[in-house]
Amino acid sequence: MSLRPLALTALCICDPAAKVQAVQSLWAKQKDVVVLTNEVIVNDSAQTLPGRPELPHLIPAQQVPTRTPFTPEGLAALMHAVCHIEFNAINLALDAVWRFSNMPAPYYTDWLRVAYEESQHFEMLHTHLQSLGHRYGDFDAHDGMWHMCQKTANDVLARMALVPRTLEARGLDATPLIQTKLRKAATPAALQAADLLDIILREEVGHVAIGNHWYRWLCEQRGLDPVAFYSELAKRYEAPKLRPPFNKEARKRAGFTEAELDYLLGG
């Protein structure tokens, strides 16, 4: 068995529970799976990537309503939004595994681990969402993360720069703000959600660190300055402008340098 085609197979699965099961099974049997780094893989199925359920409806990000944790429905909508992020994150990690050839073997096992941990996050959040009387798909969502995945499909360096260490790193900044609102709401369900986000934030630091590691490795291979080239990539691919406040402590633990943090702050 070869890892990268199996990752593509999991990516094509539409049902969230089946996708989670496939990823967790792949993680469990990884010692029996070979990593063929130079294998040429083509998505020859009729499936449009990524595989996902008919719901939620995907709408432009600016049309997604504001979510507040201070009502039962608002808390459910907020949990659904985070669930959607984690489902997307499974797909992003799987895509990083199958799509890019000729990377070192640890690159593929790193992103398989990310997919596995994101599947756990999705399960935790979906269980909590169900305790609130809802399921994944009950609220509208947007597709911004996958759009950037599509834009960077032809260059692993751009992918590492603009998905894990840009879009996913935004979660390091946003999560404490969400937790503050949840703890202010102070209902048992809101407080439980805040505790779940503690677990997720801790592991997301590691995911962003993986993105930082491979971005810098690729820059070194190509003789590029990581800070200066990031600015060029952000403009070329029209990455969203990152705005403060930034979770500097979490970003440092994820491997961002002082020069990169200065860049974020306009220094």
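The values are calculated or read from the model by the stated rules, or taken from the named source; none is laboratory data. This is a predicted model, so every value here is computed, not measured. All Cβ positions, glycine included, derive from the backbone under ideal geometry; neighbour counts span all protein chains shown. The protein model used for the area step is the full one, side chains on, heavy atoms only, and it has no ligands, DNA or RNA in it. Shrake-Rupley method; radii C 1.70, N 1.55, O 1.52, S 1.80 Å.
Could you look at the chain and say what percent of its accessible area is carbon and sulfur, using a 1.4 Å probe and all protein chains?
Numbers: 6730 of 12490 Å².
Its accessible area is 54 percent carbon and sulfur atoms.
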PRE zone check, label point 7 Å out along Cα-to-Cβ of Leu55, amide N under 11 Å, scope the stretch 117-144, hits 134-140
Measure of size requested: the Rg and Dmax of the stretch 1-121, with Cα atoms as the atom set and Å as the unit; please supply both. 16.1, 52
Mind jotting down the distance between the C-alpha centroids of the stretch 2-16 and the stretch 214-267, whole Å? 30 Å
Across every pair of different alpha-carbon atoms, what Kirkwood hydrodynamic radius in Å does the chain reach? 19.0 Å
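Ordering Ser25, Ser231 by accessible area with a probe of 1.4 Å, largest first, what comes out? Don't jump to the answer; show the numbers that get you there.
Details: Ser25 55, Ser231 25 Å².
My answer, sorted largest first, is Ser25, Ser231.
How large is the dipole of the chain about the Cα centre if only Lys and Arg carry +1 and Asp and Glu carry -1, each at its Cβ, rounded to the nearest 20 debye?
360 debye
Can you tell me, using C-alpha contacts under 8 Å and at least 6 residues apart, the relative contact order of the chain as a whole percent? Don't skip to the answer; put the middle values down first.
Working: 311 pairs, mean separation 50.7, N = 267.
Relative contact order for the chain comes out at 19 percent.
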Along the charge dipole of the stretch 183-267, which of Ala190, Val227, Ala250 sits closest to the positive end, that is, farthest toward it, with unit charges on the beta carbon of Lys, Arg, Asp and Glu (+1, +1, -1, -1)? Ala190
Using the basic label-point model (7 angstrom from Cα toward the beta carbon), what is the Asp198 to Asp225 distance in nanometres? 4.2 nm
Roughly how many Å is it from the Cα centre of the stretch 67-98 to that of the stretch 179-199, as a whole number? 15 Å
Under a 1.4 Å probe, counting only protein heavy atoms, Phe122 has an accessible area in Å², nearest 10, of 10 Å²
Among Lys181/Lys248; Lys181/Lys241; Lys19/Lys241; Lys19/Lys248; Lys151/Lys241; Lys19/Lys151, the pairs whose Cα-Cα distance exceeds 26 Å are Lys19/Lys241; Lys19/Lys248
Tail beyond 18 Å, pair distance distribution of the stretch 50-192 (Cα, percent): 59 percent
When all protein chains stay in place, what accessible area (Å², nearest 10, 1.4 Å probe) is found for His147? 100 Å²
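Quote the relative contact order of the stretch 127-199 in percent (integer), defining contacts as alpha-carbon pairs under 8 Å separated by 6+ residues. Please list the in-between numbers first.
On the way: 25 pairs, mean separation 15.6, N = 73.
Rounded, it is 21 percent for the stretch 127-199.
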